Amino acid sequence: MGLCRIAKFALLATVSILLVWILSPATIIPPADPAEAIAIYVTTYGLHSRLVLPIDNGELIQYAYGDWNYFALNQQDLKHGAAALLLPTQGTLGKRKFSNVAELQQQVQRRNASLLSLEVAQAKVTQLLKILDAHFNRNIETLVENPQTGLTFVKDDQNYTLLHNSNHALVEWLEYLNCRVYGFVMWANFQIEYS
């Protein structure tokens with residue numbers, strides 16, 4: 001009887017720890033004192049996140065990763081939703097231009113999304129933009145425009161999976177920008193912490 005009680009307690013403790021970990025926000029730690037610091041943005045739409053990077057003349061480019069059928073083609077029925085959640089499916093890379101930060105903020109408010117701002121090195125942003133643009137242009141023949149999201153999409157070379165979704169892609173991009181990210185990133189629940 002004693003072993004059974006200990007096993008139940010251990011199981012309850014393990015489940016409790018997992019729930020706290022899963023429900024806790026993932027933490028983004030920006031680089032300390034980046035050279036030629038520039039503001040970038042993380043937008044969160046429900047369970048999914050996107051990265052917004054500055055380009056010339058105050059304009060911004062938002063990059064997003066997702067499932068081709070569900071995200072790019074708006075096939076958001078139960079069949080496609082379950083496939084995106086449970087199976088490796090065709091990935092997609094999307095992008096959208098904003099004329100300035102005010103336009104980004106308006107879109108975030110209209111969509112009831114959230115917006116985080118942090119600073120990273122200008123040179124790293126320039127490099128990441130080149131990488132993402134080249135990645136986008138590699139499959140330009142698959143381009144589709146989605147009027148519901150305002151994004152333009154291409155098929156991605158990497159499959160979309162439960163373990164490589166929009167939030168995992170965001171973390172990869174942030175790490176390229178010398179940010180550290182820790183915590184549960186299966187869905188978009190990010191916070192910023194300064195070191």
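Structural remarks
- Residues of region 110-158 that are touching a residue at least 60 places away in the same chain (Cβ under 8 Å), surrounded by 13 or more Cβ atoms within 10 Å (Cβ to Cβ) and hydroxyl-bearing (Ser, Thr, Tyr): 114, 149.
- Of all residues in region 68-104, those being under 17 Å from the mean Cα position of the chain (by Cα) and closer than 20 Å to residue 42 by Cβ number 9.
- Failed item, numbered, when residue 81 is tested on (1) small (Gly, Ala, Ser); (2) surrounded by fewer than 16 Cβ atoms within 10 Å (Cβ to Cβ); (3) touching a Phe, Trp or Tyr at 6+ places or on another chain (Cβ under 9 Å); (4) touching a residue at least 24 places away in the same chain (Cβ under 8 Å): (4)
- When region 40-67 is filtered for residues that are in contact (Cβ under 8 Å) with a residue 40 or more places away in the chain and more than 17 Å from the chain's Cα centre (by Cα), the ones remaining, listed by number, are 55, 58, 59.
- In region 1-43, of all residues being loosely packed, with under 12 Cβ neighbours inside 10 Å and aromatic (Phe, Trp, Tyr), the one that is modelled with the lowest pLDDT corresponds to 21.
- Filtered residue count, region 136-159, keeping only those that are at pLDDT 95 or above and either under 26 Å from residue 29 (Cα atoms) or among the acidic types (Asp, Glu) (or both): 3
- Candidate set from region 44-69 (those that are surrounded by fewer than 22 Cβ atoms within 10 Å (Cβ to Cβ) and among the hydroxyl-bearing types (Ser, Thr, Tyr)); member that is nearest to residue 175 (Cα to Cα): 44
- Single residue of region 165-190 satisfying the filter (under 13 Å from the mean Cα position of the chain (by Cα) and surrounded by fewer than 16 Cβ atoms within 10 Å (Cβ to Cβ)) that is modelled with the lowest pLDDT: 186
- Screening region 44-142 for helices (runs of 4 or more DSSP H) wholly inside it with 3 or more residues that are in contact with a strand residue (DSSP E or B) (Cβ under 7 Å, 6 or more places away or on another chain) returns the ranges 101-110, 122-138.
- Among residues of region 178-195 that are touching a residue at least 60 places away in the same chain (Cβ under 8 Å) and more than 12 Å from residue 44 (Cβ to Cβ), those with a Cβ under 7 angstrom from a residue that is among the polar types (S, T, N, Q) and in a loop (DSSP other than H, G, I, E, B), sequence gap 6+ or separate chain, pair up as 183/24; 184/24.
The values are calculated or read from the model by the stated rules, or taken from the named source; none is laboratory data. Treat the numbers as computed from the prediction; the structure is a model and nothing was measured. All Cβ positions, even for glycine, are placed from backbone atoms using ideal geometry, and neighbour counts span all protein chains on display.
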